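Inspection log for the structure reproduced underneath, given as structure tokens.
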Amino acid sequence: MSQSDKKMVSLDINVLGLPPEEVQSIIDSVQVPEDGEIVVADLLQVMEDRVVINHCFYGVVSGMLSQKGMELAESDIYMLCNGTYMAYNGQYDTFGQCPMVHMLQELEQHTDIGVHYKIVDLEARDRAAILRDWYEVLNSGQTLLLHMETSNLIYNQLYVESPGKGHVVQLYGLHAEENIAHIADFFLLDKAGQVLGYNGTIPLSELLDGVVEYAYMSSEQEQGVKTEQLMRACSEHAAEFLAGGVNAQGEALGMAAYRRLNAQLASMHELNDKEFEATCALIYYHLRIESLMHMLRYTTQFVTDHEQLLGIEGPAIRSGMEQVQDTARRQLMMLYKMGIRRDRASLDRYLAGNDRMLDEYEVQLEKLQHAAGHVGLPSPS
């Protein structure tokens, strides 16, 4: 069966990879309603009104927190999760890929929110244990974050045609006996690069086949995130990013990762036309989707939302961040055009522009780190 021909399939051919009696045993053990379906209350209505912002992971975490009655902007979640974290090993195709468990651990560390995380053994996928987990979490009134292989997200043909990539969705309902799962996708890109959203059903078998890791939040009712917690996380993470350096594995960290990447790109002069175009496209994707642009968008939005808290420096930091973001957009467009035109002659100018942009971001981030670190401290007498 081709990926594009996949449809809902009856469980009489054991499509879940589990005997029907085992599925029924799971449903019975977690006390699912008699019709076998469980959908977390009111989430459909919430999802229809969702505003998709910048990134699948932060969109889902925002939705999960909302289900717990905790409303946090995605830019706040970004800061709490240490979204600026970067560890670059020198391989272009890994640039910007922060481990999900790292971000969830940061969220726990800087808040009172309990998070449970599970990685799936891809060599011995235990579908029964996964399904039982999902039913138990949903039955408690919580939703789940699923990190998926894109080839299994068959509601979008672009995902199916782009195997090997990962994507995060929110699971909020199951009906195992009908092979149905209810999910929300906050960051669905169309062919034009526009951000859409999907809220609906998908074969449960696709989720069980394609899930790489998943997480859910404690069912306990935690207190909301305090301003001091948020600002402390911002200040600490900004300082960590600015410190840069190289870890024991030889990975460049934070700002040093961006500097390493920019230095490496000088070698693109030696590539043939086809390689040059492909490398420009790869770097463009990772800077736009995986790293630079969502870092700048979230940081700028964070400063805008909390400008008054940041004191006298707030307006200047916001203006400075907006200018860096505008520069980054121009640099990204230049990279895109360089690739299409196979324009090596502009490479050095592009790299010099990146260096200036990073210098200015460093200045603005230092200001933000200092201002956020002083929120909640007593004023000097």
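Would you please name the residue that is surrounded by the most Cβ atoms within 10 Å (Cβ to Cβ), looking only at residues in region 63-93 that are over 13 Å from the mean Cα position of the chain (by Cα) and of a type in the set (Gly, Ala, Ser)?
Looking at residues that are over 13 Å from the mean Cα position of the chain (by Cα) and of a type in the set (Gly, Ala, Ser), I get 87.
Inside region 244-277, can you point out the residues that are loosely packed, with under 14 Cβ neighbours inside 10 Å and small (Gly, Ala, Ser)?
Within region 244-277, 245, 248, 250, 263, 266, 267 meet the criteria.
Which numbered condition in (1) of a type outside the set (S, T, N, Q); (2) at pLDDT 90 or above; (3) farther than 30 Å from residue 21 by Cβ is the only one that residue 169 fails?
Unmet condition: (3).
Does region 199-220 contain at least one residue that is small (Gly, Ala, Ser), touching a residue at least 60 places away in the same chain (Cβ under 8 Å) and assigned to a loop (DSSP other than H, G, I, E, B)?
Yes, because at least one residue in region 199-220 is small (Gly, Ala, Ser), touching a residue at least 60 places away in the same chain (Cβ under 8 Å) and assigned to a loop (DSSP other than H, G, I, E, B).
Looking only at region 302-327, which residues are part of a helix (DSSP H, G or I) and either touching a residue at least 60 places away in the same chain (Cβ under 8 Å) or touching a Cys at 6+ places or on another chain (Cβ under 8 Å) (or both)?
Residues satisfying the conditions are 302, 303, 305, 311.
Pairs under 9 Å by beta carbon, first residue at positive phi and in a helix (DSSP H, G or I) in region 243-265, partner acidic (Asp, Glu) and at pLDDT 95 or above, six or more apart or different chains?
From region 243-265, no pairs qualify.
Counting only residues that are within 26 Å of residue 175 (Cβ to Cβ) and charged (D, E, K, R), which one in region 116-130 is surrounded by the fewest Cβ atoms within 10 Å (Cβ to Cβ)?
So the residue we want is 121.
So which pairs qualify, if the first residue must be in region 131-143 and surrounded by fewer than 22 Cβ atoms within 10 Å (Cβ to Cβ), the second must be among the charged types (D, E, K, R), the Cβ gap must be under 9 Å, and the two must be at least 6 apart or on different chains?
133/118; 141/68; 142/68
With the requirement that a residue be in a loop (DSSP other than H, G, I, E, B) and in contact with a Gly (Cβ under 9 Å, 6 or more places away or on another chain), what does region 128-148 give you?
143
Among the numbered criteria (1) under 30 Å from residue 226 (Cα atoms); (2) part of a loop (DSSP other than H, G, I, E, B), which single criterion is violated by residue 123?
Failing condition for residue 123: (1).
What number of residues within region 101-115 are more than 17 Å from the chain's Cα centre (by Cα) and surrounded by fewer than 17 Cβ atoms within 10 Å (Cβ to Cβ)?
The number of residues fulfilling the criteria is 3.
Could you check, for region 230-247, whether at least one of its residues is farther than 21 Å from residue 364 by Cα and charged (D, E, K, R)?
no
The values are calculated or read from the model by the stated rules, or taken from the named source; none is laboratory data. Since this is a predicted model, take the numbers as computed values, not measurements. All Cβ positions, glycine included, derive from the backbone under ideal geometry; neighbour counts span all protein chains shown.
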